[in-house]
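Student: Attaching a single structure in structure tokens format; questions to follow.
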Amino acid sequence: MTVGSAGDSGTADSRPTVYDLAPNCTRTDVEEGERYHAVVNGVVEYGVFVDLSDDVSGLVHESNLAGSYGVGDRLIVCLDEIRENGDLSFVEETLEEYRTVAVDHDPDVTPVSDLAIGDAVTIEGTVAQIKQTGGPTVFRVADESGIVACTAFEEAGVRAYPDVELDDVVRISGTVEKHDGAPQIEVDSLDALTGDVADAVRTRLEAGLTERAEPHAVEPLIEWPAFEKLRDDLEEVARQLRRTVLEGRPIRVRHHADGDGMCASLPVQLALERFIAEVHEDADAPRHLFKRLPSKAPFYEMEDVTRDLNFALEGRARHGQKLPLLLMLDNGSTEEDVPAYENLAHYDMPIVVVDHHHPDPEAVNPLLDAHVNPYLYDEDYRITTGMMCVELARMIDPTVTDELRHVPAVAGLSDRSKAEAMESYLDLAAETGYDRGDLERIGEALDYAAHWLKYSAGKTLVSDVLNVGCEDEGRHRELVEFLSTRAERDVDRQLAALEPHVEHERLANEAHLYRVDLDSFAHRFTYPAPGKTTGQLHDRKVTETGDPVITIGYGPDFAVLRSDGVRLDIPEMVAELNEEVVGGGVSGGGHLVVGSIKFVKGMRDEVIDSLVAKMADAELDEELSSTASLD
Ligand code: MN
């Protein structure tokens with residue numbers, strides 16, 4: 001029963017309580033031993049029949065009556081017994097003093113997951129979306145078991161229940177119908193609940209959601225002590241993402257547009273889309289609630305965040321959606337991301353980051369809802385984002401596991417991870433029929449596809465290349481063969497033109513320095529782009545020399561840096577250059593030993609000379625293989 005506020009309800013009130021039932025109250029609203037206001041509806045030899053509401057009636061036996069009554073008289077009764085046959089028997093009470101408390105009917109509330117087509121039902125939940133169509137208004141309502149669309153019709157194109165807002169707690173009565181294969185409620189009545197009633201529903205929903213948001217307890221695909229440190233935090237992210245889905249909030253993923261970024265985002269996409277479809281019982285729901293987009297830059301650019309924000313605000317205005325949660329993958333943990341995050345902070349958009357680039361936790365963490373990064377646990381980039389996200393995806397929906405066994409190896413090879421776990425990941429991939437060469441070709445094909453996709457997600461193409469959610473294994477194999485061959489050919493062509501123009505010198509610390517003017521001697525606006533071109537050149541030089549190597553590929557206003565065997569701290573060098581080269585406008589960063597910097601065109605020579613001087617001062621690593629190049 002729902003207790004209202006009639007009468008004096010001071011806490012110190014010691015007077016007995018007499019309940020006054022609303023006319024629609026039923027048997028479920030009364031309890032043995034409680035007192036009620038009653039009206040006589042019939043007089044018989046052995047007593048009187050009384051009504052407590054339209055539905056609740058019973059007998060006061062003559063032996064339990066204190067006075068004599070006619071039809072319509074009022075008295076106070078105590079519910080003595082609910083008999084096995086359902087009859088109610090009452091005893092009259094005579095009270096000098098008492099307080100009256102009004103009782104509203106608690107309807108039989110049906111969980112959204114139990115809705116059956118054709119039933120008349122009442123549901124309670126929070127409003128997750130309010131969409132005005134050309135016909136009815138569609139309210140998407142989330143309870144602890146699922147989300148359902150409820151259609152209310154005022155007039156064609158006119159907003160029904162205009163006072164109801166997103167996140168309100170509502171009680172809706174109506175009939176369950178089938179619409180495009182999914183259950184939908186045609187609304188008879190919709191009430192925004194307030195006060196104690198709303199609080200009670202919120203508490204119930206909260207408990208149910210918390211339980212349902214709990215991630216699946218999955219054992220990692222391989223045993224790996226270093227990874228164990230990240231597991232709790234990844235579970236927390238899985239919990240947060242599941243909860244976001246259960247609340248009907250959209251999710252927008254931004255990922256680094258490279259092999260590891262794809263290996264991170266595709267598994268998470270597959271898991272979240274399955275979970276969204278399950279929660280909404282609607283195969284079409286993921287299309288409206290999930291979006292994945294690549295970021296060309298190694299950080300969250302103002303251009304991307306502005307696009308995302310526009311899209312989110314439009315979604316709210318046109319479709320009545322909540323603003324999305326932003327999930328940054330293989331990107332997003334550096335100081336360069338801060339302006340974009342600050343821009344989002346003006347709106348209700350939670351931000352979650354899973355990345356393995358060298359982070360600036362002091363700068364970004366205050367703006368984030370969660371941040372998982374191996375550097376925060378004294379580990380490093382060798383744990384790639386793809387490796388983390390395969391486990392994250394399995395925590396969200398373990399049914400994806402069989403499709404992901406080869407993915408951590410592709411991620412690791414793409415980012416040239418030197419993790420000890422690579423052997424185990426390669427063995428795992430071998431079980432599903434991929435050898436090392438196959439996996440490397442998948443990585444190259446992904447990278448090539450990412451280059452030409454530019455700002456598009458290319459969902460089916462990327463799924464087919466990575467073989468995650470791909471329906472045709474034969475096509476996957478052919479596509480990888482085709483794309484990786486093209487990629488290799490383009491790299492060879494690029495390096496053939498470039499190599500004669502590479503300048504070599506030996507730095508004071510004995511490291512080899514190779515530099516090349518990409519603007520003059522590389523094919524531009526094609527594959528491979530400057531970052532990859534520099535990386536490929538660098539790899540050849542490392543193999544050729546077997547010594548510590550630094551490679552700089554520069555354009556008019558940028559330089560790409562790669563190093564092996566030299567202890568560089570690129571973020572630190574950028575900060576110093578910015579102070580030392582006055583008017584150089586230096587910015588940038590990346591990993592410690594791999595990165596890119598920008599500067600103003602007219603100061604290029606000064607910036608690069610200062611940069612080289614710093615590199616000549618850097619210490620060499622004792623072991624050449626202890627650092628790796630990485631995109
Ligand atoms: Mn990566």
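Student: I need Ile76, Ile351 ordered by Cβ neighbour count within 10 Å, fewest first.
Tutor: In increasing order of surrounding Cβ atoms, one gets Ile76, Ile351.
Student: Using a simple charge model, +1 on the beta-carbon of Lys and Arg, -1 on the beta-carbon of Asp and Glu, nothing else, what dipole does the stretch 214-434 show about its Cα centre, in debye to the nearest 20?
Tutor: 820 debye
Student: Can you list residues from other chains, or at least 5 along the same chain, whose modelled amide H is less than 5 Å from the amide H of Phe290?
Tutor: The list, which skips near neighbours in sequence, is Ile251.
Student: For the chain, what does the relative contact order come out to in percent, with C-alpha contacts under 8 Å and a separation of six or more?
Tutor: Relative CO of the chain lands at 8 percent.
Student: Here's another thing I want to ask about it. For each of Met422, Met262, Met388, count neighbouring Cβ atoms within 10 Å of the residue's Cβ, then give the residues from fewest to most.
Tutor: Ordered from fewest to most neighbouring Cβ atoms within 10 Å, Met422, Met262, Met388 come out as Met422, Met388, Met262.
Student: Just to be sure I understand the model, the point goes 7 Å from the Cα along the line to the Cβ. What's the resulting Lys131 to Glu84 distance in nm?
Tutor: In this crude spin-label approximation the distance works out to 5.4 nm.
Student: Using a 10 Å cut-off around each Cβ, can you sort Asp87, Asp73 from fewest to most neighbouring Cβ atoms?
Tutor: Asp87, Asp73
Student: Now, a different point. Can you give the % of DSSP beta bridges in the stretch 502-616 that are antiparallel, to the nearest 5?
Tutor: Percent antiparallel among DSSP bridges in the stretch 502-616 is about 75.
Student: Could you work out how far the C-alpha centroid of the stretch 313-375 sits from that of the stretch 445-483, in angstrom?
Tutor: The two parts, judged by their Cα centres, are 27 Å apart.
Student: OK, next. How far, in degrees from 0 to 90, does helix 225-246 lean away from the longest principal axis of the Cα atoms of the chain, to the nearest 10?
Tutor: Long axis of 225-246 versus the principal axis of the chain: about 50 degrees.
Student: To test your reading of the geometry: what angle, between 0 and 90 degrees and rounded to tens, separates the Cα axis of helix 422-431 from the longest principal axis of the chain?
Tutor: 70 degrees
Student: Apply the Karplus curve 6.51 cos²θ - 1.76 cosθ + 1.60, θ = phi - 60°, to the phi angles in the stretch 372-382 and return the couplings in whole Hz, x for Gly and Pro.
Tutor: Residue by residue, the stretch 372-382 yields 10, 7, x, 4, 6, 10, 6, 10, 9, 4, 4 Hz.
Student: Here is a further query. Taking amide H positions as placed 1.01 Å from N in the peptide plane, with prolines and chain starts having none, which residues 5 or more places from Gly47, or on another chain, fall under 5 Å of its amide H?
Tutor: Glu62
Student: Ok, one more. Charges at C-beta only: +1 for Lys and Arg, -1 for Asp and Glu. How large is the resulting dipole of the chain about its Cα centre, in Debye rounded to 20?
Tutor: 2500 debye
Student: Helix 436-453 versus the longest principal axis of the chain: what is the Cα-based angle in degrees, 0 to 90, to the nearest 10?
Tutor: Value to nearest ten degrees: 80.
Student: Moving on. Return a whole-number percent for the relative contact order of the stretch 2-104, with Cα pairs under 8 Å and 6 or more residues apart as the contact set.
Tutor: 37 percent
Student: Given the rule -39500 (n - 2.57) for each run of at least 4 DSSP H residues, summed and divided by the residues of the chain, what is its mean residue ellipticity at 222 nm, to the nearest 500 deg cm²/dmol?
Tutor: The helix-only estimate for the chain comes to -11500 deg cm²/dmol at 222 nm.
Student: Where does each of 64-71, 390-397, 594-601 land if you order them by average Cβ count within 10 Å, highest first?
Tutor: Highest mean packing first, the order is 390-397, 594-601, 64-71.
Student: I'd like the distance between the alpha-carbon centres of the stretch 141-214 and the stretch 551-575, rounded to an integer number of Å.
Tutor: 55 Å
Student: Within the chain, how many Lys pairs sit with Cα atoms under 15 Å apart, leaving out pairs fewer than 8 places apart on the same chain?
Tutor: 7
Student: Relative contact order for the stretch 112-210 using alpha-carbon pairs under 8 Å, separation at least 6, rounded to a whole percent?
Tutor: Once normalised by length, the contact order is 29 percent.
Student: Return the sequence-ordered ³J(HN,Hα) values of the stretch 510-517 in whole Hz as given by the Karplus equation 6.51 cos²θ - 1.76 cosθ + 1.60 applied to θ = phi - 60°, using x for Gly and Pro.
Tutor: Working through the residues one at a time gives 6, 6, 7, 10, 10, 9, 8, 8 Hz.
Student: Whole-Hz Karplus ³J(HN,Hα) for the stretch 164-171, in order, using 6.51 cos²θ - 1.76 cosθ + 1.60 and θ = phi - 60°, x for Gly and Pro?
Tutor: Listing the rounded values in order: 6, 10, 3, 6, 5, 8, 10, 10 Hz.
Student: Report the local net charge at Ala449: Lys and Arg +1, Asp and Glu -1, summed over other residues whose C-beta lies under 11 Å from its C-beta.
Tutor: -2
Student: Would you pull out the residues with amide H under 5 Å of Ala160's amide H, same chain only if 5 or more places away, H placed 1.01 Å from N?
Tutor: Thr137, Glu154
Student: What share of the DSSP beta bridges in the chain is antiparallel, in percent to the nearest 5?
Tutor: The antiparallel fraction comes to roughly 65 percent.
Read-outs: derived from the displayed coordinates by stated rules, not from any lab. Note that the coordinates shown come from a computational prediction; the quantities given were computed from them, not determined experimentally. Don't worry about glycine lacking a Cβ; one is built from the backbone with ideal geometry, like all the others, and counts go over all protein chains shown.
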